[in-house]
1. Amide H to amide H under 5 Å from B:Thr4: which residues, 5+ apart in sequence or cross-chain, H placed 1.01 Å off N in plane?
2. What shape does the protein assembly as shown take by its C-alpha gyration tensor, where a ≥ b ≥ c are the square roots of the eigenvalues and a/c under 1.5 counts as rounded, a/b above b/c as prolate, and the rest as oblate?
3. In whole Å, largest first, what are the principal axis extents of the Cα atoms in the range B:258-337?
4. Other chains near A:41-50: what is the mean number of their Cβ atoms within 10 Å of each residue's Cβ?
5. For the protein assembly as shown, what does the helix formula give at 222 nm: sum of -39500 (n - 2.57) over DSSP H segments with n ≥ 4, over the residue count, nearest 500 deg cm²/dmol?
6. Among A:286-293, A:109-116, how do they line up by average Cβ neighbours within 10 Å per residue, starting with the highest?
7. Quantify how strongly other chains surround peptide B:156-166 by giving the mean number of their Cβ atoms within 10 Å of each of its Cβ atoms.
8. Each residue of the range B:163-172 in order: what ³J(HN,Hα) in whole Hz does its phi give by Karplus 6.51 cos²θ - 1.76 cosθ + 1.60, θ = phi - 60°, with x for Gly and Pro?
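None of the figures in this text is laboratory data; all of them are computed from the coordinates on show. Small disclaimer: the values here were computed from a predicted structure and weren't measured. Cβ placement follows ideal geometry from the backbone for every residue including glycine, while neighbour counts extend to all protein chains displayed.
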2 protein chains.
Amino acid sequence: MSKTLADIGEFGLIHRIQTLVAKRGVQSPDITLGMGDDAAAFRPHEGYELLVTCDTMVEGRHFLKGAITARELGKRAMVMNISDIGAMGGRPLYALVSLGLRADTLVGDVEEMYQGFIEELNPFQAAIIGGNITKSEHDLFVDITLIGEVERGALVRRSTAREGDAVLVTGYPGQAAAGLQLLLNAKGHEPFQDHPLVNAYNRPDHRAKEGRAMALSGYITSMIDISDGFLGDLGHICEESHVGVELLQKRLPVSEHLNQITLPPGKTIYDLVMGNSDDYELIITCRPQNVGDVRSVISSISPVPITEVGRVIPQSEGIQLVLLDGTKMNMIPKGWDHFNESSPKQ
Amino acid sequence: MSKTLADIGEFGLIHRIQTLVAKRGVQSPDITLGMGDDAAAFRPHEGYELLVTCDTMVEGRHFLKGAITARELGKRAMVMNISDIGAMGGRPLYALVSLGLRADTLVGDVEEMYQGFIEELNPFQAAIIGGNITKSEHDLFVDITLIGEVERGALVRRSTAREGDAVLVTGYPGQAAAGLQLLLNAKGHEPFQDHPLVNAYNRPDHRAKEGRAMALSGYITSMIDISDGFLGDLGHICEESHVGVELLQKRLPVSEHLNQITLPPGKTIYDLVMGNSDDYELIITCRPQNVGDVRSVISSISPVPITEVGRVIPQSEGIQLVLLDGTKMNMIPKGWDHFNESSPKQ
């Protein structure tokens, strides 16, 4: 019979996690003290700033029970955080994992989740150095703190886009939300498990490598990762940089998979591309004369497409979408708002 | 009418939190980038190692709804983490706060909780630099990551106690658990709100200042804070240091408040002192010839009592309690285990 946390207890679970992390995870000489004391300790590298981010996934809210495996859940939770470090131009170093688990949670599932964390961290030689296990009566949650580093002076903010800049985006935003919708529409999730859009939701990639290359290139003026939808995160750039953006509808990247789905009533394909969706793509701004350089840097390290979709305009003009027929539409950015009743529900 | 999170939304709440933190919190020139981007960024100090810890409080498990104010909850959650940094000999620097909140959570309560965080951080000139807000359907949770620093080579572990060392403890362990019991026994928590034992549970102190002084003194061999009860955390020292401990019952510090309560059936006062309780006191080991030095260092900065309670013995002898009549009893350390059914329930 599969063991639950009630069977092996908190300290039994911690022991298993420590063993797994020691065996499969990365060891670093900079870690003075790993898991198992009151705090972890590490030596920072000279010449670097440290980056810290945290993100939480709550069952029923950020992932669907039964529609994602424990290993995928682990990978997805880590990808969210790696994406944030990458969007600053940084490299992930150390993770701390806080889990809220039920007594009937399977030990094997927790180990699989850690396996997922480790699979995402190992390519960066990044390590899990701490965390916390607690009991939750109802909702399972995964809260990860990820520490990274970036060369001093190289970090890229969302608040530094400038009027006249070109606006670019990697990949195909909107796919993750469409995948979630497929899962929600399917009663017994099975048939959709291998659909490319479901993949985009349950098994997203990050663009941390691309984000770091961008930061080190010096060609870009601002950057953000897409976790609140293309328009939502473009809105964050606009708000923090005190600018507006003119988007060209004809330039918006539409994935072939998105093109094949039945559109929800009253929605166009562009609504899906721009709407709430956590795709972990990057929105980048750069001086117009550097667009070619940005493309070269990205294409030299990654097959991900990068599309120029518009330009930065004065803040007073807001976010405008130039439709296919040339008319302009004012857009109101509105990302995921977990407490707003009109936000999409899972 | 008091506003809820459903009224102002996630971004409205984040805006309020940022305003509160900017106004009441500490500013540091080492923070390159505070709240509001994909990640926060800071410059580490040369000659220091960084410490990281995280701890979660879940409603109904780590605190009782209605029996603690939002501000106290904030203070208590931060104290737990400050205690961990202090128990390594470090100084708190930066906090990240992940909250899981319900849609009907009052905005004022969240602001009070942040006020509590800030009140605990400001004395250390430590700042909140990031975090995350998410919606939880059922259980409210607070997960804090605290980053600290310690001079290179000065950190004190739990794994370095040596045979022959003296074992000391600060304050009066067991009070927090007794306070919790008073709250659980009282139906309408009110009359007990000002009881010293309830204070010990809802409004605990940390010994971070004392822990740091100990580390810098060079007099101690190991240290841990008490979050799993005196015996539980002594057990962690024994396990990680591969040693045993002989405790003298007559030396165990019994608080006057603990002495006044009605003992649970079958329990002695010493069971309460040693049992599961999160008191955030420190257990310290040092060479026997340094006990006086340790006392002097502590008393020069703090009124907290420090008591020598036993000595480190070989691992094969385990943890032994020498009773008042001289007989010895083998003790099995067993801290809070959130998944073990025989652990105390809240």
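1. It is B:Val107, by chain and number.
2. In terms of gyration-tensor shape, prolate.
3. Per principal axis, max minus min of the Cα coordinates gives 41, 34, 31 Å.
4. For peptide A:41-50, the averaged partner shielding equals 6.
5. That calculation yields -10000 deg cm²/dmol at 222 nm.
6. Descending mean neighbour count gives A:109-116, A:286-293.
7. Shielding by partners across B:156-166 averages 1.
8. 3, x, 4, 7, 10, 10, 9, 8, x, 10
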